[in-house]
Amino acid sequence: MSTTTSNTLIVGQGMAGTLMARRLERAGLSFQIIDRGHGHSSTAVAAGIINPVTGRHMVKSWRFDDLLPELIAAYRDFEALLGIPILNPTRVLRVLPSVSEENKWHLQAGKEGYAPYLRSFPDAREVAPHLKPVHAFGEIQNAFTVNWPDLLSAYRAHLEKAGKLINETFDHGRLVRTPKNLTYGPHSYGSIIFCEGAGVRTNPFFSNLPLEGAKGEVLLIRIPGASFRCIIKHRLLIAPWQDDIYWAGSNYERGATDPRPTEKTRARLLDSLREILLEELEITGHLAGIRPTVSDRRPLIGRHPDDPRVVLFNGLGTKGSSLAPFWSAHLFDHLFSGTPIDPEVDCRRFL
């Protein structure tokens with residue numbers, strides 16, 4: 001017999017689960033979140049980079065004008081709650097290796113809607129002394145980094161103190177569905193939101209979705225004499241991490257199932273860094289995690305067609321730091337105000 005009752009059970013405390021839990025908490029709704037710890041979670045090793053313009057063609061990220069105000073509000077709210085710095089405004093200095101790439105940059109910067117994000121002829125003096133000579137730089141503005149390691153651990157402690165954390169691994173076989181409610185162990189719920197990341201591949205409700213793991217590996221490095229606070233995009237990303245340590249990566253191995261770092265990727269990343277940097281660097285760490293990615297690069301959000309109490313919030317992929325705040329608000333409005341799920345992200349587009 002159940003001994004406690006909550007409105008909602010959230011499975012997983014990565015990006016999706018953390019943002020969803022905070023939505024419920026701010027609304028004063030009853031919930032619990034079940035998570036054993038972050039282990040090989042991609043969120044725990046992510047640099048949390050929010051980059052408004054990406055890719056070889058320098059295209060503005062999907063719906064970024066909508067995402068920007070929501071992400072600022074959400075992460076500032078966590079800062080006020082937890083009393084720690086989380087959202088850090090920054091700029092991305094992108095190396096333009098040739099005249100053609102520089103011309104492409106200038107053309108893109110002149111397009112409608114790109115003025116707030118792209119700047120030509122930036123001041124690169126803080127990074128240039130550490131790089132081998134390059135042709136030119138472009139600057140991406142309105143970029144940020146999110147301090148995910150501290151955010152996850154501090155919010156986890158907050159949830160534990162409030163009695164809302166179940167510190168164990170979720171077992172799908174223990175979930176019992178009856179017409180009246182959902183039960184898991186001694187607890188009863190009105191709904192369950194799966195925020196399992198790449199672990200959703202073994203979820204019996206959603207295992208047929210086209211979601212695969214994209215493994216990323218990064219090196220944590222110390223660069224002698226470096227003190228730059230911006231992000232460098234040059235073959236790979238180099239971003240400030242903590243203290244005098246920099247995050248450098250990341251490669252993507254699609255379909256990967258082993259979350260452990262590999263010597264092969266370590267050597268590849270190290271070779272790339274030595275081709276970029278003037279100084280001999282020191283490796284202080286090697287991390288890996290598996291991100292949940294979708295074939296059409298859109299999140300997977302919504303209710304299961306056979307049981308509307310079973311909900312999915314997943315597929316945030318490599319841009320989860322920018323996507324999670326906006327789409328957690330979107331899902332919250334659907335669940336508690338009845339607004340329809342955007343067809344572009346509705347998980348039923350595949351089911």
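Laboratory data are not the source of any read-out in this text; all were calculated from the coordinates shown. Here the structure is a predicted model, which is why all the values come from computation and not from measurement. Because the Cβ atoms are built from the backbone with ideal geometry, glycine has one as well, and the counts that use them run over all protein chains shown.
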Using alpha carbons only, how many degrees (0 to 90, rounded to 10) separate the axis of helix 15-26 from the longest principal axis of the chain?
-> 60 degrees
Using only Cα atoms, locate the centre of region 158-201 and the centre of region 318-351, then give the distance between them in Å, rounded to an integer.
-> 20 Å
What is the helix-to-structure angle for 64-82, meaning the angle in degrees between its Cα long axis and the longest Cα principal axis of the chain, kept from 0 to 90 and rounded to the nearest 10?
-> 70 degrees
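Determine, for 309, 297, the number of other Cβ atoms within 10 Å of each Cβ, and report the residues in order from fewest to most. All intermediate terms of the calculation are to be shown ahead of the outcome.
Values: 309 15, 297 11.
So the residues, fewest neighbours to most, are 297, 309.
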Along Cα→Cβ, 7 Å out, is where each label goes; now give me the distance between the ones at residue 337 and residue 150 in nm to one decimal.
-> 3.2 nm
To the nearest 10 degrees, how steeply does helix 99-109 sit against the main Cα axis of the chain, on a 0 to 90 scale?
-> 50 degrees
Euclidean distance between Cα centres, region 47-75 to region 207-243, Å | 16 Å
Loop-resident GluC sites (Glu not before Pro) in region 31-126 with no more than 15 other Cβ atoms inside 10 Å, DSSP not H/G/I/E/B, are 112, 126
hull vol. (C-alpha, convex hull) per residue for region 51-145, Å³ -> 107 Å³
Which distance in nm do the two modelled labels at residue 77 and residue 123 give, with both placed 7 Å along the Cα-to-Cβ direction?
-> 3.6 nm
Between residue 160 and residue 271, the FRET efficiency computed from the C-beta separation at R0 = 45 Å comes out, to the nearest 0.05, as 0.60
Springs between alpha-carbon atoms under 10 Å, Gaussian network over the chain: tell me which of 94, 56, 235 tops the mean-square fluctuations.
-> 56
Rounded to 0.05, the calculated FRET efficiency for the beta carbons of residue 115 and residue 56 at R₀ = 30 Å is 0.90
For labels at residue 84 and residue 257 in the simple 7 Å Cα→Cβ model, what's the distance in nm?
-> 3.4 nm
